[in-house]
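This report concerns only the one structure given below.
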Amino acid sequence: MIHDSNNFILTIAPNVAHCDDAYVGYISFNGKFIGPQNNDELFLYRNIKNNQQNQQRQRINYVKFNNSENKKIVIILESPSNNEYNNICEIVSPAMGNTGGRINKQLIPLLNRSISKLNINPQNLNINVRYDIYLVNAIRYHCDLGDPQSRKKVKFIFTFLWDKFNYDKNEDLIERLNIIKPDIIINSCTQDLRNLCSKNYLQNSQCTMVLDASSHPLCWNINTILQ
């Protein structure tokens with residue numbers, strides 16, 4: 001956690017609470033990926049600010065599905081933005097703004113374009129397999145400081161916290177991933193931070209399938225690929 005001795009962060013960061021990893025929904029695979037309503041949408045838990053009942057329901061779902069026998073897909077994001085906080089600086093959930101909306105619309109088409117890269121067991125092609133979807137911030141603290149357009153600032157804070165939490169020794173992020181035990185990790189950090197949150201780093205987790213998305217989810221479209 002951030003301690004009082006980290007005066008730089010505590011002085012300039014408007015929000016210092018961390019953003020928990022979140023289960024956000026499920027999709028199914030039966031030859032192709034489909035959403036809960038047999039369409040291409042995931043239906044994320046989004047726009048639930050200041051609603052304690054929905055926040056509690058999400059925490060319950062996290063515990064429930066984290067202990068399920070479903071397969072799991074983790075999408076690695078960068079760090080929380082302003083949309084992940086309510087007006088009293090309490091965390092709600094990852095990807096509460098446009099990023100979540102784009103994941104909602106683009107994740108299933110992206111996976112269907114990438115089936116050949118997912119090493120899916122041929123025996124599962126005609127069996128309905130459910131995948132729980134988790135959103136995980138590489139850094140759980142607010143790195144853009146309310147100014148997401150300043151990549152220099154974001155990179156500086158992200159790097160500071162990455163070093164502070166000894167991520168090079170596989171702490172925190174790897175530990176969180178090993179709690180979820182994903183079958184697939186999609187690394188969606190922006191390109192300028194992948195020297196830290198890289199595919200090689202994420203392969204230190206127990207997950208055997210780590211893929212890089214060609215862009216951050218905010219920019220996902222029909223041209224986005226997994227590699």
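The values are calculated or read from the model by the stated rules, or taken from the named source; none is laboratory data. Computed from a prediction, not measured in an experiment: that's the story for all the values here. Glycine also receives a Cβ, built like all others from the backbone with ideal geometry; neighbour counts cover every protein chain displayed.
Here are the numbers for this structure:
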| read-out | value |
| --- | --- |
| Candidate set: the stretch 172-211, residues that are touching an Asp or Glu at 6+ places or on another chain (Cβ under 8 Å) and among the basic types (Lys, Arg); chosen: the one farthest from residue 141 (Cα to Cα) | 199 |
| Lone unmet requirement of (1) in contact with a strand residue (DSSP E or B) (Cβ under 7 Å, 6 or more places away or on another chain); (2) surrounded by 14 or more Cβ atoms within 10 Å (Cβ to Cβ); (3) not aliphatic (A, V, I, L, M) for residue 178 | (1) |
| Residues of the stretch 14-54 classified as small (Gly, Ala, Ser), at pLDDT below 85 and at positive phi, total | 1 |
| Search result, residues across the stretch 193-227 that are small (Gly, Ala, Ser) and closer than 14 Å to residue 182 by Cβ | 205 |
| Condition check for residue 9: assigned to a helix (DSSP H, G or I), within 15 Å of residue 79 (Cβ to Cβ), modelled with pLDDT under 65 and aliphatic (A, V, I, L, M) | yes |
| Selection from the stretch 178-194 of residues that are polar (S, T, N, Q) and in a strand (DSSP E or B) | 187 |
| Qualifying residue in the stretch 146-163 (condition: of a type in the set (S, T, N, Q), surrounded by fewer than 19 Cβ atoms within 10 Å (Cβ to Cβ) and either closer than 29 Å to residue 70 by Cα or at pLDDT 90 or above (or both)) | no |
| Residue satisfying all of: in the stretch 92-116; outside any loop (DSSP other than H, G, I, E, B) and touching a strand residue (DSSP E or B) at 6+ places or on another chain (Cβ under 6 Å); farthest from residue 134 (Cα to Cα) among these | 112 |
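A quick yes/no check of all residues on (1) on the phi < 0 side of the Ramachandran plot; (2) surrounded by fewer than 20 Cβ atoms within 10 Å (Cβ to Cβ); (3) touching a strand residue (DSSP E or B) at 6+ places or on another chain (Cβ under 6 Å); (4) not hydrophobic (A, V, I, L, M, F, W, C):
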{"residue": "182", "(1), (2), (3), (4)": "yes, no, yes, yes"}
{"residue": "200", "(1), (2), (3), (4)": "yes, yes, no, yes"}
{"residue": "204", "(1), (2), (3), (4)": "yes, yes, no, yes"}
{"residue": "210", "(1), (2), (3), (4)": "yes, no, yes, no"}
{"residue": "215", "(1), (2), (3), (4)": "yes, yes, no, yes"}
{"residue": "219", "(1), (2), (3), (4)": "yes, yes, no, no"}
{"residue": "222", "(1), (2), (3), (4)": "yes, yes, no, no"}
{"residue": "225", "(1), (2), (3), (4)": "yes, yes, no, no"}
